[in-house]
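The values are calculated or read from the model by the stated rules, or taken from the named source; none is laboratory data. Not measured: the values here are computed from a predicted model. Neighbour counts run over all protein chains shown; Cβ positions are idealised from the backbone, glycine included. In case anyone asks, the SASA skips ligands and DNA or RNA and just uses the protein heavy atoms, side chains included. Shrake-Rupley method; radii C 1.70, N 1.55, O 1.52, S 1.80 Å.
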Amino acid sequence: MCGIHATITASTDSGLSTELRQSLINRGPDHLGQAYREIPQTSPDERLRLYFTSTVLALRGDHIARQPLEENAGVGSVLCWNGEAWRVNGEPVCGNDGEAVFSMLQSSASASSSSQTREAHIEHVLRNIEGPFAFVYYDAAARRVYYGRDRLGRRSLLIKRPDDADSIMLSSIASVPTAGWEEVSTDGIWSVDLEGLDDVSSGRSFQVRIAQHAWLPSRNEEMVSSIGVFNKELPPLRHELDFDSPSLRDLRHKLVESLKPRVLDVPEPPNATSDVDVRIAILFSGGLDCTVLARLAHELVPISQGLDLINVAFENPRQVALQAKQPHLRASDIYETCPDRVTGRKAFAELQSSCPGRCWRFIAVNVRFGEAMAHKKKVLSLIYPHDTEMDLSIAFALYFAARGTGECYVDHIEWQSAPPTVSTTARVLLSGLGADELFGGYSRHEAAFKRSGYSGLIDELKLDVSRIGQRNLGRDDRIMAHWGREVRFPYLDEELFRFAIGSPVWEKCDFENVSHHADIDPAKRILRLLAHQLDLPITARQKKRAIQFGSRTAKIESATGRLRGTAQVSS
């Protein structure tokens, strides 16, 4: 994980304020580096200035890769890299991935290469990266800046390109004031040609030179997120998704393979003072998706390491008012009755039972209403350009979960009066996001089936997976990376994604056969069967619940709770 910032400008202002610089350092506390380039223009009095800044959270390789990566100090090409290239051209990337990607970009970059040859080579390298990333790459010989995000938008990159200013800025986070920033589209790779600008004092000169480079060499309307083709096959007359279905074995294999690069070889956190070696934490509601990840991570992570389960609950004034009418309740019940706390403790108990020998730490993050409000301004600046009540509700939960400070439970499942307070040392967070879209976990999927059968369900599922890259992953990255931690999404691994969308719909969910001999719900049935197989019977039967309702952040400031989730947040 890194923070990146770049400015292309005719002025001497890099656009990097003290506050924005600190926000980037929060994302990457291990190193801060900067690079500068100048490009003479057609007018002898004008020159274009390129400022690059990178901060680094070192999680790959045996050393800190100091960014920005440069061809030569002070001259040549530059790469600001924020991501994890798990595979390139189908092959695993060993060592530091940023250095590997830069080497590949430079591998055929001789000064004599034509601009078309260089462009084709750069496109080829970037198109064949699998994993989450955002980047800014300056190709010095061609005087062209490339930038973009991966196909699914798992890393944040914002752009500010005002018509009346002589600059373009790119950043992991918006500067304050935030107006004018927007998410970089995931519809392709982008570039701006800086060769021979006529008038660098006009922002319009930059605008007309921005080009889009498609993820695929040739157009294919059937491709979803430029990753794979969605299987639209209708089921046979008789079918039932059960424990003997081949897709169950395939899912387990794909999920384990997705987890391997995400949980193995994670370096020990620097300056760790805990008596438990913890490098991985799971964002843990106790729901199906995250608990399956925790259970499979146990099979991969060395038994000498602990695994933290971070569970967040909020003091919601509406709930406080209701519970005030019940004098028998304890003060702690404000948090302990949160739906995600209840399911979290149950799943914690299941994991302890099914995974003997593992040190699990259940970190109960309790957030007072006043504390949430004290952080509201910072949260709003991080989620920008997202600004709705629903955005804020979700962001609050992720923000405090990623902070990772709470009451620690190891041997005791149930609430205690004075447990120790700890902060997780893990710099890698696992999220179960993506499972609902891939395997049919939302109530709208069942509604689509009831309305239009399998054809309607297929259309709804395809729509959901096709818009993952345009939704909220950039927002979530900005929120959680603020604490110097990297969130990883095993369900959104390209190979697993390709497997899921390529599987017949009846091999993922089974709304036609609602009843099941093992009482397994039809929504995400394939994942529920896997949970049952992994000795997680309670988890296998948990109902879907949105994070803002499970943690009680939904419309936390509203006295009535009737505020629309799409309403813009009031400052």
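Below, the figures for the structure above:
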item	result
Members of the range 69-78 that are open to solvent by less than 60 Å² (accessible area, probe 1.4 Å) and either acidic (D, E) or touching a residue at least 60 places away in the same chain (Cβ under 8 Å) (or both)	G76, S77, V78
Odd one out for Q416, checked against (1) among the polar types (S, T, N, Q); (2) within 22 Å of D289 (Cβ to Cβ); (3) open to solvent by 50 Å² or more (accessible area, probe 1.4 Å)	(2)
Verdict on R49 being at pLDDT below 95, crowded, with 16+ Cβ neighbours inside 10 Å and either among the basic types (K, R) or touching a Phe, Trp or Tyr at 6+ places or on another chain (Cβ under 8 Å) (or both)	yes
Residue in the range 123-140 that is over 19 Å from A214 (Cβ atoms) and open to solvent by 30 Å² or more (accessible area, probe 1.4 Å) present	no
Yes/no for D535 being open to solvent by 10 Å² or more (accessible area, probe 1.4 Å) and closer than 20 Å to F449 by Cβ	no
Selection count, the range 408-450, where residues are assigned to a strand (DSSP E or B) and under 30 Å from A58 (Cβ atoms)	7
Flag for G474 being in a loop (DSSP other than H, G, I, E, B), buried (at least 20 other Cβ atoms within 10 Å of the Cβ), in contact (Cβ under 8 Å) with a residue 40 or more places away in the chain and touching an Asp or Glu at 6+ places or on another chain (Cβ under 6 Å)	no
Residue in the range 236-245 that is of a type outside the set (V, I, T), open to solvent by less than 20 Å² (accessible area, probe 1.4 Å) and at pLDDT 90 or above present	yes
Hits in the range 421-434 - residues which are of a type in the set (G, A, S) and either open to solvent by 50 Å² or more (accessible area, probe 1.4 Å) or touching a Gly at 6+ places or on another chain (Cβ under 6 Å) (or both)	S423
Meets criteria (closer than 30 Å to H482 by Cβ, open to solvent by 70 Å² or more (accessible area, probe 1.4 Å) and touching a residue at least 40 places away in the same chain (Cβ under 8 Å)) for V176	yes
Residues of the range 9-32 classified as open to solvent by less than 10 Å² (accessible area, probe 1.4 Å) and touching a helix residue (DSSP H, G or I) at 6+ places or on another chain (Cβ under 9 Å), total	2
Residues (surrounded by 24 or more Cβ atoms within 10 Å (Cβ to Cβ) and closer than 24 Å to L398 by Cβ) located in the range 442-467	H445
Near pairs, Cβ below 9 angstrom, 6+ apart or cross-chain, from the range 512-523 (within 12 Å of E240 (Cβ to Cβ) and open to solvent by 40 Å² or more (accessible area, probe 1.4 Å)) to any residue that is at pLDDT 90 or above and among the small types (G, A, S)	E512/G453
Residue match in the range 246-256 (condition: open to solvent by less than 30 Å² (accessible area, probe 1.4 Å) and outside any helix (DSSP H, G or I))	no
Qualifying residue in the range 215-229 (condition: on the phi > 0 side of the Ramachandran plot and either among the aliphatic types (A, V, I, L, M) or open to solvent by less than 70 Å² (accessible area, probe 1.4 Å) (or both))	yes
Among the candidates A6, A35, residue that is part of a strand (DSSP E or B), within 24 Å of the chain's Cα centre (by Cα) and surrounded by 17 or more Cβ atoms within 10 Å (Cβ to Cβ)	A6
L463, sole failed condition from (1) assigned to a helix (DSSP H, G or I); (2) hydrophobic (A, V, I, L, M, F, W, C); (3) touching a residue at least 60 places away in the same chain (Cβ under 8 Å)	(3)
Single unsatisfied condition, I479 versus (1) open to solvent by 10 Å² or more (accessible area, probe 1.4 Å); (2) in a helix (DSSP H, G or I); (3) hydrophobic (A, V, I, L, M, F, W, C); (4) under 29 Å from L158 (Cα atoms)	(1)
Some residue of the range 62-75 being on the phi > 0 side of the Ramachandran plot, at pLDDT below 90 and touching a Phe, Trp or Tyr at 6+ places or on another chain (Cβ under 8 Å)	yes
Of residues in the range 262-273 being open to solvent by less than 40 Å² (accessible area, probe 1.4 Å) and not charged (D, E, K, R), the one nearest to G432 (Cα to Cα)	V263
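Conditions tested, residue by residue: (1) open to solvent by less than 10 Å² (accessible area, probe 1.4 Å); (2) under 23 Å from the mean Cα position of the chain (by Cα).
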{"position": "D150", "(1), (2)": "yes, yes"}
{"position": "S156", "(1), (2)": "yes, yes"}
{"position": "S171", "(1), (2)": "yes, yes"}
{"position": "E182", "(1), (2)": "no, yes"}
{"position": "S191", "(1), (2)": "yes, no"}
